[in-house]
Amino acid sequence: MAPVVEAAKCRKCGKISYPTHYYCPACGERKFDPLPVEGEGTLLTWTKVYALPLDYADLYITLGIVEMDMGIRATGRLEIDDPKTGARVRVRVGKVRETGGTDITGLIFTPV
Amino acid sequence: MRDVAIVGAGSTQFGRAQWSLLKMMCEASHDAMKNANLGDRKIDAVYVANMGSTRNNKMAGLSSALVDRLNLYPHAAAETIENGPASGASAVKHGMQAVASGHCDLVLVCGGERMREVNNFEATEFVSYLSHRYAEYVYGVTLPSLAGMFARLYMERYGIKPEHLAMVAIKNHANGAKNPKAHLRLEVTMEGLLTGPDAHMNNPWVADPLRFFDCCPVSDGASAVLLAPADMAAKFTRKPVLIAGMGQATDTHAVHERPDPTELTAVRLAAQKAFAMANLAPADIHIAELHDAFTILEIAESEEVGFFPKGQGHLALERGETKIGGQLPINPSGGLKARGHPVGNTGVSQIVEVVNQLRGEAGDYQVPGEPKNGFAINFGGFGNNVVATVLKRGY
């Protein structure tokens with residue numbers, strides 16, 4: 001099964017939250033349906049990080065915040081050589097970190 | 001509620017410690033108690049501010065260890081406050097509340113952090129634990145990367161140039177060079193940081209658009225204040241400083257969830273609460289220590305707390321209004337940028353610096369004109385837990 005990153009859609013008011021909260025930030029409801037983070041969005045801001053924590057052998061990694069068309073914002077890795085704010089991007093889920101031999105999957109944004 | 005005074009203050013040298021964490025905290029506490037002519041009076045409670053001793057120094061229950069080393073047992077209560085980089089001012093706030101309520105008379109608040117006991121990768125990793133575990137941390141998000149993404153948005157929206165960020169560093173390094181306890185006592189220039197031929201060698205990227213000199217150093221250091229009811233302050237000092245107001249506010253954990261990610265809502269709310277408690281306004285403040293872990297934050301915070309209109313902090317900086325000798329000196333101690341940022345201690349150290357300024361005891365970096373009201377912002381996480389403090393000369 002392909003890995004997914006899930007947002008939470010409120011069963012009462014329909015608001016989508018990412019990451020999840022115990023109560024819906026809009027209406028206070030506690031029940032949610034999982035909703036995969038998918039599709040396209042617009043790059044809000046980004047950075048190339050050169051001072052990396054443990055687990056990274058890269059010279060730098062590129063991170064960004066994307067406004068997804070599905071109605072949430074998400075932070076993730078950018079696989080974009082020359083990122084520009086306002087650029088259209090598409091999300092996929094893949095390996096974003098390897099720690100102690102374990103792969104961690106997450107959101108990766110690529111150019112549209 | 002009783003009025004609460006700071007009757008003693010002390011700090012160690014910041015930088016790479018020659019002492020253990022506990023020894024640093026003893027030295028700062030000793031300075032604060034000696035400064036207050038404490039004699040053999042009993043301390044009712046000790047609040048310790050620290051973020052990483054369990055991970056970085058293999059020590060837990062730090063406040064219990066401190067009361068033992070200082071021989072304050074068995075009478076003193078002892079607690080450790082871990083509130084990320086806002087631990088320091090949080091601990092002062094708890095001490096203030098204990099004295100204000102009448103539950104305690106004499107309270108020692110000591111912040112201490114020894115981050116250089118681990119290597120830089122470990123330190124970066126440790127601080128990145130502040131980010132949201134599943135929505136930020138797993139991607140390699142660190143505090144500088146959150147600051148980098150914030151800076152890009154903020155700079156685009158308000159027309160802030162890299163030169164403005166460098167101006168914060170130049171000002172705070174110039175101030176820090178005059179502070180004998182600062183971690184980085186070196187002056188820097190625009191040529192060295194941005195415009196000269198070797199600028200990129202001196203000042204490489206950390207998290208684009210932030211460069212090395214836009215970020216605070218990783219520091220060791222300890223600071224302490226002694227609190228007493230204002231009506232008892234004369235027993236300890238001729239120069240009490242009143243805690244006129246404190247305010248605290250919080251925000252979403254994941255930065256991307258904020259309705260406008262360029263707004264530091266918790267900074268604004270914490271400041272409003274502190275000013276309301278003090279019955280003072282931003283225009284009444286004569287000196288401020290802001291949480292410039294990254295240069296962009298000094299500019300943004302100076303706007304959010306109400307010193308300058310939104311989008312105009314960098315213009316006030318450019319006009320020199322925030323230098324020592326300007327209308328509102330910001331970070332005369334050098335700030336986190338040059339004085340250093342021993343994370344859990346920072347909030348206490350900012351308050352010690354404001355106390356020194358209000359007492360007229362800041363030496364070469366004293367703000368002229370006998371400042372009466374001071375202010376500090378202690379910023380936790382990436383703005384998701386913020387404590388604001390208004391201090392007032394009490395004599």
Matching entry among B:Ala169, B:Ala174, B:Ala151 (being assigned to a helix (DSSP H, G or I) and either of a type in the set (D, E, K, R) or surrounded by fewer than 24 Cβ atoms within 10 Å (Cβ to Cβ) (or both)): B:Ala174
Given (1) touching a Phe, Trp or Tyr at 6+ places or on another chain (Cβ under 8 Å); (2) at pLDDT 95 or above; (3) surrounded by 19 or more Cβ atoms within 10 Å (Cβ to Cβ), index of the condition B:Gly306 fails: (3)
Candidates B:Val138, B:Val118, B:Val109, B:Val206, filtered to the one that is of a type in the set (Val, Ile, Thr), in contact with a Phe, Trp or Tyr (Cβ under 9 Å, 6 or more places away or on another chain) and more than 30 Å from B:Leu70 (Cβ to Cβ): B:Val206
Qualifying residue in the stretch B:100-123 (condition: surrounded by fewer than 24 Cβ atoms within 10 Å (Cβ to Cβ), in contact with a helix residue (DSSP H, G or I) (Cβ under 7 Å, 6 or more places away or on another chain), within 14 Å of chain A (Cβ to nearest Cβ) and more than 18 Å from B:Ile81 (Cβ to Cβ)): yes
Residue in the stretch B:35-47 that is touching a His at 6+ places or on another chain (Cβ under 9 Å), acidic (Asp, Glu) and free of Cβ contacts under 8 Å to residues at least 40 places away in the same chain present: no
Residues that are away from every other protein chain (no Cβ under 14 Å), in contact (Cβ under 8 Å) with a residue 12 or more places away in the chain and within 23 Å of B:Gly159 (Cβ to Cβ), drawn from the stretch B:185-231: B:Met190, B:Leu193, B:Leu194
Hits in the stretch A:1-19 (condition: closer than 17 Å to B:Ala135 by Cβ and surrounded by 16 or more Cβ atoms within 10 Å (Cβ to Cβ)): A:Val5, A:Ala7, A:Ala8, A:Lys9, A:Lys15, A:Ile16, A:Ser17, A:Tyr18, A:Pro19
Answer from B:Val267, B:Val225 - the residue that is crowded, with 19+ Cβ neighbours inside 10 Å and part of a helix (DSSP H, G or I): B:Val267
Any hit, the stretch A:38-45, residues being surrounded by 13 or more Cβ atoms within 10 Å (Cβ to Cβ), within 12 Å of the chain's Cα centre (by Cα), of a type in the set (Asp, Glu) and away from chain B (no Cβ under 12 Å): yes
Complete set of residues in the stretch B:315-344 that are in contact (Cβ under 8 Å) with a residue 60 or more places away in the chain and over 26 Å from B:Ser219 (Cβ atoms): B:Glu318
Positions within the stretch A:73-112 being touching a residue at least 60 places away in the same chain (Cβ under 8 Å), surrounded by fewer than 18 Cβ atoms within 10 Å (Cβ to Cβ) and within 12 Å of A:Leu43 (Cβ to Cβ), in sequence order: A:Val112
Test: A:Thr45 is modelled with pLDDT of 95 or more, out of contact with any Cys (no Cβ under 8 Å at 6 or more places or on another chain) and under 25 Å from B:Pro204 (Cα atoms): yes
Failed criterion for B:Glu136 (all others in (1) at the interface with chain A (Cβ under 7 Å from one of its Cβ atoms); (2) touching a Pro at 6+ places or on another chain (Cβ under 8 Å) hold): (2)
Single residue of the stretch A:57-90 satisfying the filter (in contact with a Gly (Cβ under 7 Å, 6 or more places away or on another chain), β-branched (Val, Ile, Thr) and farther than 20 Å from B:Pro259 by Cα) that is nearest to the other protein chains (Cβ to nearest Cβ): A:Ile61
Residues of the stretch B:27-58 classified as touching a Ser or Thr at 6+ places or on another chain (Cβ under 9 Å) and under 22 Å from B:Val107 (Cβ atoms), total: 14
Criterion: in a helix (DSSP H, G or I) and either surrounded by fewer than 22 Cβ atoms within 10 Å (Cβ to Cβ) or within 14 Å of another protein chain (Cβ to nearest Cβ) (or both) - qualifying residue of B:Gln272, B:Gln248: B:Gln272
Unmet requirement for A:Met70, which otherwise passes all of (1) over 20 Å from A:Gly94 (Cβ atoms); (2) surrounded by 13 or more Cβ atoms within 10 Å (Cβ to Cβ): (1)
Where B:Leu184 falls short, out of the listed (1) assigned to a loop (DSSP other than H, G, I, E, B); (2) over 30 Å from B:Glu361 (Cα atoms): (2)
Residues that are closer than 22 Å to B:Pro368 by Cβ and part of a helix (DSSP H, G or I), drawn from the stretch B:338-354: B:Ala338, B:Gln350, B:Ile351, B:Val352, B:Glu353, B:Val354
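The values are calculated or read from the model by the stated rules, or taken from the named source; none is laboratory data. None of these values were measured; they are calculated from a predicted model. Reconstructed Cβ throughout: ideal geometry from the backbone, glycine too, with neighbour counts over all protein chains shown.
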